[in-house]
Amino acid sequence: MAKSRREFLRGGATVLSGILIARRGWSAAAPGPIHMVNGAPANGLDFVLRNGAIGRKYQPETLPGGLGVIDFDGDGWPDLYCVNGAALPQLQKTDQSYWNRLYRNNRDGTFTDVTAKAGVAGRGYGMGVAVGDYNNDGHEDLFVAGLHGNQLFRNLGDGTFEDVTAAAGLNLPAVRGLWSIAAAWIDYDADGKLDLFVSNYCDWEPGIDPICGGMTAETRAYCHPDKYRAERMQLFHNNGDGTFTEVTRKTGLAETLGKGMGIAIADYAEDGRAGLFVANDNARNLLFHNTGHGFEETGFDAGVAYNGDGRNISGMGADFGDIDGDGRFDLVMTALKNETFGVYLNRGHGEFEDGSVSTKLLGLTRPRSGWGCGLVDLDNDGWLDLFVAGGGLDSNDEQTNRIFNNVGGKFVDLSDESGVGLAPARLHRGAVFADFDRDGRLDAAVSALNGPIELWWNRSPVQHWLQLRLTGTRSNRSAIGAQVTCKTAGRTQIRCVTNSVGYASSSDLTVHIGLGHEHRCALEIHWPSGLVQKLAEVEADQRLEVKEPA
């Protein structure tokens, strides 16, 4: 779009040639360290993640619960959905303390619990959530992954949701018996409709759960994952009429077993199709190359199945992002302490190499356990930092969250300087990222087992930024899988529109790009349909809503 046709309205918005531009004022400040402030529960976020633990050490107690960013009311401000556990061994939400919770963003720094009105309290023992507009009606929907039962909530557009799990064909007996941890919406066949990929963990029943450690309550411990059988991943094709058909076997994935945890999405192979990575708990990681007709598992050949020592580790959360600035999607995976986190640097042609030493994360993460995570630019300098939800398995291993600042492809631990490392240690789990107050800086929400949710407001010194909200026409309406290339005078950045980030969580679909000192940039959008859209001379410090040309 030519510069002469662009109109900017400070404090307002306008639509020109399918692009809505909303500018916000900003004040310049010298770059400095990342600074975060926890605003919950004073801001109305009073959620407590309850795992139903009663001292028996049931395996599911350690694994909830994901968070989801969703603009459920379509006002352009990110709302927050929190997945909760249930009573054990019943696996039932026996009272309101176990409800999943939906909080509406009041656009003034506060939130309101609208769970009852929206009808999304859920049932059973919840684990994770995926957000996406699966029926292309303009309203973001919720898929909740859980233990022996998942749920699909269709957004009706009036502030309420309808449970359409059975009607959509997602409540089959073969599905109900699985333990699902995470899910991702992805249009694998590029037909303009979001399909569903589900990460399943292991076989578990309360009546036959083994007892590990000692026989007394004081000596009992959670069992190692080796005590359980791995499960298959699942792929459901969107039929376009509100129903789904499982195509796991048809696409050759029926024999692919794992102990699946977090899912990450990106076009890591640079072939125009977004693929999937699944972090596995003490089993080889899975990398699914998108063939256009299904997925092919290539983790071993790509070099991401194991860590740099060739071992399985306790893979928890994962995220794709360009860590070293070479224009390719790299990969990071959290793990438990003494294992170190996995870092896989993309060397092209779908191949990766271990980058834990060169990025400095090997030494920084050895004493840490991490679950939710995200490669996000917290200081808007154009380099993706790493935020990690910290916490071990049991109550004797509570930890603080961590922030690793990316300085030219190498990480520096700024946890204490940022404020998150000085907060109370907890068993943190899910983490999501969004500009909740729309000030141009990414904030973070983090859940913790049997503890209050945290919302970390980003109060870092202001630098330039750009936010993109993409709407597909030929592509899926949520534009999941779209790749954005941002070029400035100094460098080139890449982003992927993804709903699955970290551990069992779904971050904002808005693309956020830090621009540092740059005042403008050029954009190239590769839509899932194959269409390429270019925008020249885009000004910084604004939120663009870009619609795919029809």
Self-check item: Elements of type strands (runs of 3 or more DSSP E) in region 55-155, at least 3 residues being open to solvent by less than 10 Å² (accessible area, probe 1.4 Å) and either more than 30 Å from Gly213 (Cα to Cα) or touching a helix residue (DSSP H, G or I) at 6+ places or on another chain (Cβ under 8 Å) (or both)
Solution: 67-70, 79-82, 101-105, 125-132, 141-147, 151-155
Exercise. Would you confirm whether any residue within region 179-187 is open to solvent by 40 Å² or more (accessible area, probe 1.4 Å) and at negative phi?
Key: no
Quiz prompt | Failed item, numbered, when Asp158 is tested on (1) surrounded by 23 or more Cβ atoms within 10 Å (Cβ to Cβ); (2) farther than 15 Å from Arg101 by Cβ; (3) of a type outside the set (A, V, I, L, M, F, W, C) | solution = (1)
Quiz item: Here are some conditions: (1) under 21 Å from the mean Cα position of the chain (by Cα); (2) touching a residue at least 60 places away in the same chain (Cβ under 8 Å). Ala221 meets all but one. Which one does it not meet?
Solution: (1)
Self-check item: Residue selected from region 285-297 under the condition outside any strand (DSSP E or B) and either touching a Lys or Arg at 6+ places or on another chain (Cβ under 9 Å) or at pLDDT below 95 (or both), by the criterion nearest to Ile181 (Cα to Cα)
Solution: Gly294
Quiz item: Mind checking which residues of region 310-321 are open to solvent by less than 10 Å² (accessible area, probe 1.4 Å) and in contact with an Asp or Glu (Cβ under 8 Å, 6 or more places away or on another chain)?
Solution: Ile313, Ser314, Gly315, Met316, Gly321
Quiz item: Quick one: which of Asn346, Asn290, Asn307 is open to solvent by less than 30 Å² (accessible area, probe 1.4 Å), within 24 Å of Thr251 (Cα to Cα) and in contact with a strand residue (DSSP E or B) (Cβ under 6 Å, 6 or more places away or on another chain)?
Solution: Asn290
Quiz item: Residues of region 322-336 being surrounded by fewer than 24 Cβ atoms within 10 Å (Cβ to Cβ) and in contact (Cβ under 8 Å) with a residue 60 or more places away in the chain, which ones?
Solution: Asp322, Asp324, Gly325, Gly327, Arg328
Quiz prompt | Identity of the residue in region 536-550, of a type outside the set (D, E, K, R) and open to solvent by less than 10 Å² (accessible area, probe 1.4 Å), that ends up farthest from Leu194 (Cα to Cα) | solution = Ala540
Exercise. Kindly indicate which of Arg368, Arg347, Arg429 is of a type in the set (D, E, K, R) and within 26 Å of Asn499 (Cβ to Cβ).
Key: Arg429
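Every residue, every condition in (1) within 22 Å of the chain's Cα centre (by Cα); (2) open to solvent by less than 10 Å² (accessible area, probe 1.4 Å), yes or no:
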position: Gly363; (1), (2): no, no
position: Gly370; (1), (2): yes, yes
position: Gly382; (1), (2): yes, yes
position: Val388; (1), (2): yes, yes
position: Gly391; (1), (2): yes, yes
position: Asn396; (1), (2): no, no
position: Thr400; (1), (2): yes, no
position: Arg426; (1), (2): yes, no
Exercise. Only strands (runs of 3 or more DSSP E) wholly contained in region 460-512 count here; list those with 2 or more residues that are more than 16 Å from Gly132 (Cβ to Cβ) and open to solvent by 20 Å² or more (accessible area, probe 1.4 Å).
Key: 483-487, 492-496
Quiz item: Residue check, Ile453 against (1) of a type in the set (A, V, I, L, M); (2) assigned to a strand (DSSP E or B); (3) open to solvent by 20 Å² or more (accessible area, probe 1.4 Å), all met but one. Which one?
Solution: (3)
Quiz item: Within the bounds of region 256-265, is there any residue that is open to solvent by 50 Å² or more (accessible area, probe 1.4 Å), more than 26 Å from Arg328 (Cβ to Cβ) and not basic (Lys, Arg)?
Solution: yes
Quiz prompt | Residue that is farthest from His526 (Cα to Cα), among those in region 249-273 that are touching a strand residue (DSSP E or B) at 6+ places or on another chain (Cβ under 6 Å) and among the charged types (D, E, K, R) | solution = Lys259
Practice problem: Scan region 212-228 and give yes if some residue there is buried (at least 21 other Cβ atoms within 10 Å of the Cβ) and either of a type in the set (S, T, N, Q) or not in a loop (DSSP other than H, G, I, E, B) (or both), otherwise no. | Solution: no
Quiz prompt | Residue list for region 513-534, filter: assigned to a strand (DSSP E or B), among the hydrophobic types (A, V, I, L, M, F, W, C) and surrounded by fewer than 19 Cβ atoms within 10 Å (Cβ to Cβ) | solution = Ala522, Val532
Quiz item: Got a sec? Which of Tyr306, Tyr268 is in a loop (DSSP other than H, G, I, E, B), hydroxyl-bearing (Ser, Thr, Tyr) and more than 16 Å from Val501 (Cα to Cα)?
Solution: Tyr306
Exercise. Please verify whether region 242-254 includes one or more residues that are within 20 Å of Glu351 (Cβ to Cβ) and surrounded by fewer than 24 Cβ atoms within 10 Å (Cβ to Cβ).
Key: no
Quiz prompt | Residue among Arg429, Arg368 that is of a type outside the set (Ser, Thr, Tyr) and assigned to a loop (DSSP other than H, G, I, E, B) | solution = Arg368
Exercise. Write out, first by first residue and then by second, each pair whose Cβ atoms fall under 9 Å of each other, whose residues are 6+ apart or on separate chains, and whose first residue, in region 19-47, is within 25 Å of Tyr98 (Cβ to Cβ) and at pLDDT 50 or above while the second is among the charged types (D, E, K, R) and buried (at least 18 other Cβ atoms within 10 Å of the Cβ).
Key: Asn38/Glu454; Gly39/Asp443; Gly39/Glu454; Ala40/Glu454; Leu45/Arg101; Leu45/Glu454; Asp46/Arg101; Phe47/Arg101
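The values are calculated or read from the model by the stated rules, or taken from the named source; none is laboratory data. Note that the structure is predicted; figures quoted are calculated from it, not measured. Note that each Cβ is placed from the backbone with ideal geometry, even for glycine, and that neighbours are counted across all protein chains shown. SASA here: full protein model, heavy atoms, side chains in, ligands and nucleic acids out. Shrake-Rupley method; radii C 1.70, N 1.55, O 1.52, S 1.80 Å.
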